[in-house]
Amino acid sequence: MSRYETNVVLYRLKKDEAFRDRFRAEPRSALAGADLTDEEREAFVRWDARKLNELGGSLHLLISIPGLSSH
Amino acid sequence: MPPTLPWGTLGAREDMGRIVYAAAMSHVLYPDYYGQNVGPHGRRMVEELIAVVREMGRSLAATAPDALVVIADDHLNVFSFDAVPALCVRVGRSVNRMIQPDAIEFDRALDGLPERYPVHEDLANSILEKGVQAGFDFAASWSAPLDHAFLSPVSTLYGDRLVPPLVPFWVNCFVTPQPTAKRCFEAGRHIGRVVAEGPWKVAVIATGGLSHFPELSLARIGQSDPVFDRRIVKLMEAADHAALTALTAKELHESGSHELLNWIVLLGAVSPARARVGFYGEMGRVDLAALEWDVA
């Protein structure tokens, strides 16, 4: 349902170094303002890339986030 | 004695626009990437492909094109989910190489390349404006930079030679819903018509593929679909463009052939030309290819 928001967060993690640093330090806090379902939010917090991909997260974003890429 | 047409008896004016070279190729031409992710046989295979693409570059440069149209896709490097153009023409006077700190390895491989390339503004504007007049709602970008999908093939083809003015053309290959294969072919036909109406000698390349990342599934990275790829290459050799434009989004998605849409734009531009295979290799993670079309 919030595929758009999931990918907006992924895109921001890829492009925004300060946001990425905040996410790596305090993922739950960094995502506080994001319009995610509980399932999506938990997948981000655990950094479960496969789950994020199954939930509609773009493969190309998931493999290209510096320090978090999964391939 | 038969009357002589003003432009000679062969039916083609010297100042008439034409496509002088056409080719398509995989676009991660970076041995380290395959060495790390596939192993020595992946490295060797892409090195063989690179050698073929360099040879193709000599043929391309010999045609001395006024412009090089490059049909490729965005990997969520340029366009965000705020707006994803189905088909986009890069206009403006110049285009920058994408610079992104900590970029994925095959984009970092572009680091030593020139930071700016000229755009063939007149051809780009013609494709855009005549396209809109003809019913193609192309997006236009004045600022989108180029990632490996464009510059890995261009830099391999041209090496140290001067790159001609570019017309970058993006196809949305990865964000559902993508344009249809039929629509991509029609867009290519349009590019071919614009070239024919203009005064320029134009080279066209399409990049990407062959099959990889089936279903865009992280769990299926490492798989390709060689049966599908063999069929596609045979269809291109046979110039069976009806079969290629009949490919469905489902077929492209399941086989990991999303980037074939770029190639199908090129097919529209060169149809009914047949392809010649310069390289074909089944790596496992991705199948690699480089084809040229007989357009002369």
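The values are calculated or read from the model by the stated rules, or taken from the named source; none is laboratory data. It should be emphasised that the depicted structure is a prediction, and the values quoted were computed from it without experimental measurement. Don't worry about glycine lacking a Cβ; one is built from the backbone with ideal geometry, like all the others, and counts go over all protein chains shown.
Some observations on this one:
- Every condition in (1) within 23 Å of B:Val84 (Cα to Cα); (2) free of Cβ contacts under 8 Å to residues at least 40 places away in the same chain; (3) under 9 Å from the mean Cα position of the chain (by Cα) holds for A:Lys15 except the one numbered (3).
- If the condition is being without any contact (Cβ under 8 Å) to a residue 12 or more places away in the chain and within 17 Å of A:Lys14 (Cα to Cα), then the range A:47-63 contributes A:Asp48, A:Asn53, A:Leu59, A:His60, A:Ile63.
- Looking only at the range A:13-27, and only at residues there that are within 13 Å of chain B (Cβ to nearest Cβ), closer than 17 Å to B:Leu76 by Cβ and out of contact with any Ser or Thr (no Cβ under 9 Å at 6 or more places or on another chain), the one that is surrounded by the most Cβ atoms within 10 Å (Cβ to Cβ): A:Leu13
- Contacts under 9 angstrom Cβ, first residue in the range B:25-46 being within 30 Å of B:Ala203 (Cβ to Cβ), partner aromatic (Phe, Trp, Tyr) and in a loop (DSSP other than H, G, I, E, B), 6 or more apart: B:Val46/B:Tyr30
- Matching residues, the range B:160-175, being farther than 17 Å from B:His148 by Cα and in contact (Cβ under 8 Å) with a residue 40 or more places away in the chain: B:Arg161, B:Pro164, B:Pro165, B:Val175
- The helices (runs of 4 or more DSSP H) falling completely within the range A:14-67 that include 2 or more residues that are farther than 28 Å from B:Pro177 by Cβ and touching a Leu at 6+ places or on another chain (Cβ under 8 Å) map to A:17-25.
- So B:Glu115, is it within 15 Å of B:Val89 (Cβ to Cβ), surrounded by fewer than 20 Cβ atoms within 10 Å (Cβ to Cβ) and either without any contact (Cβ under 8 Å) to a residue 40 or more places away in the chain or not basic (Lys, Arg) (or both): no
- Test for B:Ala72: is it in contact with a helix residue (DSSP H, G or I) (Cβ under 6 Å, 6 or more places away or on another chain), within 14 Å of chain A (Cβ to nearest Cβ) and within 23 Å of B:Lys201 (Cβ to Cβ): yes
- Qualifying residues in the range B:75-118 (those that are within 9 Å of chain A (Cβ to nearest Cβ) and farther than 30 Å from B:Gly131 by Cα) - the one modelled with the highest pLDDT: B:Gln100
- B:Pro2 being modelled with pLDDT of 95 or more, part of a loop (DSSP other than H, G, I, E, B) and more than 14 Å from chain A (Cβ to nearest Cβ): no
- Considering residues of the range B:226-254 that are touching a residue at least 12 places away in the same chain (Cβ under 8 Å) and more than 29 Å from B:Val295 (Cα to Cα) only, the residue farthest from the chain's Cα centre (by Cα): B:Glu254
- Answer residue from the range B:18-53, given it is of a type in the set (Val, Ile, Thr) and part of a loop (DSSP other than H, G, I, E, B) and is farthest from the chain's Cα centre (by Cα) among those: B:Val38
- Of all residues in the range B:178-226, those being within 14 Å of chain A (Cβ to nearest Cβ) and over 20 Å from B:Pro153 (Cβ atoms) number 11.
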